[in-house]
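Worksheet: the structure to be examined is printed underneath.
Derivation of every value follows stated rules applied to the coordinates shown; laboratory data play no part. These numbers were taken from a predicted model, which means no experiment stands behind them. Cβ: placed from backbone, ideal geometry, glycine included. Neighbour counts: every protein chain shown.
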């Protein structure tokens, strides 16, 4: 649920108005709370999830799950970090029923080496061992397995793993790479993990996309889009898991037709519920009730899911405002029933027709349901009794090897190793979604796009694959413009 | 005393600076409402996404972005509603009520395009709360909920309205639903407040810690909950912890006034009047809210600077008139101010109004204190019982309840309330802390 979007710094016209209007102070009563009206929760907000087979890691599922949108690199002195009191999950469904079978849980802990200092680190901090580093976040990684009856077992597979800090700048962190190197950990059974600050790999022209598709050049297929996410960072978890740890038979995948080849991947965040009236409270003493006096009453402070993300842009383009909270707390097995109708008649198709007259089919869009929720037959549809169940997970066929020269259009570009067969970092999901909604899979091929074709920084060829985060000293948000290029045909072909 | 007076004078001069822009602002609002509408642009499909943009980061840039979007497509109700929310957030960040009116204009514009735009209706409910029109807030929040029953965004305003109207059981039920379905910063901070109202300060602290942890990188909202945590620690007598929380809030936002004022109240409570007064003068100069001017006056009075204190109290009166002129319903704290430093008859009048429009424990406390100042001890005792019906452990509530009980000859009640107060939060106020201790000594 990428709910917050980094605003670009434009529009002098408008901001002048706000700047002049300095007038009457607020009438806030000190006793009445001037209460928060936002329901936003950036630290629990899933932004994007990726699942792919990495070139350098055949035989393993690689997942990137990102949180906290719009992290400007110079957000000091406190910066962004994972919430120590929330639970962050990567979920894997290996039979297609939309329920998690294997889950990886990240729980964070922050230590202030000098509790009286607000500085993240002193100048010249060289690495995790340096006492000049003040704020240190670490995490515990737990693997959960859930059986058919819904019973969950768990095992801690990593403890005290360091989180890569935000890159504050060259004076504070002259060797930032040390933190990254020390944050890549290989655990007992070959699982690799990373958590921390990276460059946000998502790329989009927000202004063009959300201003009634106000495309800047051609039909969005000639470049020149403004990458509004460029120069922003993200709080990332990257996990590389041996196939045998995620498949439904506990074995490696022998090929694309193997019955264990497809896995569905998504990410979630959970927060602790609190009782409004604390069951542990003793009104007589104003403190906690003693153990004996409890009368068997115990506070029930369970965890509740508050955010989830499988396929990109589902929450933004498909789920209506009134259903977003419910969507974010449910598991994918309820998707067909609750949200299927929104996919079959997508509002976006009608909008595309109104704006561009592209003949997008507006009803009966089973082609989209299949591509996004069911999996494409013969490619990434689960086999077995749940085959064809509509669930919002990234369905990846682990038996499909990576492509030597990948297409940013993925499957509609003739490249079966890309979206919607899983999702790679390079996949241009905005262009793919626009073309699919316009009817690509029904033969209506329209060269739509947002004019941004790739990330502002190249991805790494090795773990953790995401580019290094921008540093706070050289922060430069939303300034990258895609170069102009000749028109690209639909699907890039 | 002389020095304090000199330092104080600029505050009153500065006030003029706050008065004149009222007219400037009115004309701006007019220009704002003239932004022309066109009907040819279709609603962007992802408008709802832009509309949920809000907290954290750079709100000024967000305002600019949304103004551009609204100018490009004035009929887009979701974007106008989002702009209203961004203006509201600017009001929180700057303390400038002009942003309230800008927010109101944006919400009205949104509703002119789509009369059922829930974000705009919820925004109006939030504005009504800010103006202390709790009945209107309740109606608006309920309307928003009726339009989108599964959307949780109207719930926070609904909870606030129910609680401020004294409907505590309803408020608890709404809050329970909110936090059961979506535990977030907004729900944690409200659970904290509800527990605090019910005297559960440790439980309130626990909930506020969750809010603080959830607020990383949320700018003003992070500073807000961090400062509230400081206030709870202070109420529990943990002045060291409170000071640290206020300093952390200031780390998130260097000029965050509630944290500066909180820090000053810790200093004043332990008798460090000079730094407290200096800090409060800085706060009042930045934003002359009645509550800050009262705190300044009380610190000055406790330090023996009586003329300066009178000046500060005078500032409260001016501010009150200014706010009334701007349509803001001045609150029960002014009734308490009148009872403490002004006219007891005015205090009773203000508190009765507050009690009639919102019969909460807060208004009951103010009315009891006003009646006590006016010499009606038995009526004061009746409302004091009402104020304490949730077993509040708010230091001011305890002080009022204890002093009223003493005046009315209810020695056991006086002993109980003042005993809890002196044990729990001995330094809650530089004037009333010592008075509570004296009263308790007299009783024993």
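Using the alpha carbons alone, the radius of gyration of segment A:98-173 stands to its Kirkwood radius in an Rg to Rh ratio of 1.19. With axes computed from alpha carbons, what is the tilt in degrees of helix B:168-181 against the longest principal axis of chain B, rounded to the nearest 10 within 0 to 90? With rounding to tens, the tilt is 50 degrees. Among B:426, B:275, B:149, the largest mean-square fluctuation in a Gaussian network model of chain B (Cα springs under 10 Å) belongs to B:149. Given axes a ≥ b ≥ c from the Cα gyration tensor, I'd like to know whether segment B:273-324 is rounded (a/c under 1.5), prolate (a/b larger than b/c) or oblate. Oblate, since a/c reaches 1.5 and b/c is not below a/b. Note on segment B:76-230: the alpha carbon radius of gyration divided by the globular reference 2.2 N^0.38 Å gives 1.02.
Peptides B:246-256, A:334-344, ordered by how many other C-beta atoms sit within 10 Å of their residues on average, highest first, read B:246-256, A:334-344. Counting, for every residue in B:286-292, the Cβ atoms of other protein chains within 10 Å of its Cβ and taking the mean gives 3.
Measuring between their Cα centroids, segment A:388-465 and segment B:257-300 lie 58 Å from each other.
When every alpha-carbon pair in chain B is counted, what percent end up more than 31 Å apart? More than 31 Å apart: 43 percent of the Cα pairs in chain B. For the peptides A:460-468, B:176-184, the ranking by packing is B:176-184, A:460-468, with the highest mean count of neighbouring Cβ atoms within 10 Å listed first. Overall shape: rounded for chain A, with the ratio a/c of the largest to smallest alpha carbon gyration tensor axis below 1.5.
Would segment B:304-389 count as rounded, prolate or oblate if I go by the C-alpha gyration tensor, calling it rounded below 1.5 in a/c and otherwise prolate when a/b exceeds b/c, oblate otherwise? It comes out oblate by the Cα gyration axes. Put simply, the Cα atoms of segment A:136-191 extend 54, 20, 15 Å along their principal axes, the longest span coming first. Between B:226, B:67, B:300, the residue with the greatest mean-square fluctuation in the GNM of chain B (Cα pairs under 10 Å linked by springs) is B:67.
Relative to the longest principal axis of the Cα atoms of chain B, the long axis of helix B:239-252 makes an angle of roughly 20 degrees.
Per the Cα gyration tensor, segment B:138-218 maps to an equivalent ellipsoid with semi-axes of 21, 16, 9 Å, ordered largest to smallest. Gap in Å between the Cα centre of segment B:154-183 and the Cα centre of segment A:144-213? Using only Cα atoms, the two centres lie 36 Å from each other. Compare B:230, B:203, B:123 in a GNM of chain B, Cα atoms joined below 10 Å, and give the one with the largest fluctuation. With Cα springs under 10 Å in chain B, the top fluctuation among B:230, B:203, B:123 is at B:203. Take each residue in A:68-74, count the other chain C-beta atoms within 10 Å of its C-beta, and the mean is 3.
In terms of overall dimensions, the C-alpha atoms belonging to segment A:430-492 reach 48, 27, 19 Å along their principal axes, ordered largest to smallest. From the largest down, the protein assembly as shown spans 88, 66, 53 angstrom on the principal axes of its Cα atoms.
Computed with the Debye formula from one identical point scatterer per Cα of segment B:183-254, without solvent, the log10 of I(q)/I(0) at q = 0.12, 0.16, 0.17, 0.24 Å⁻¹ comes to -0.26, -0.47, -0.53, -1.01. In chain B, the longest principal axis of the Cα atoms and the axis of helix B:59-72 are about 30 degrees apart.
Other protein chain C-beta atoms within 10 Å of residue C-beta, averaged over B:173-183: 6.
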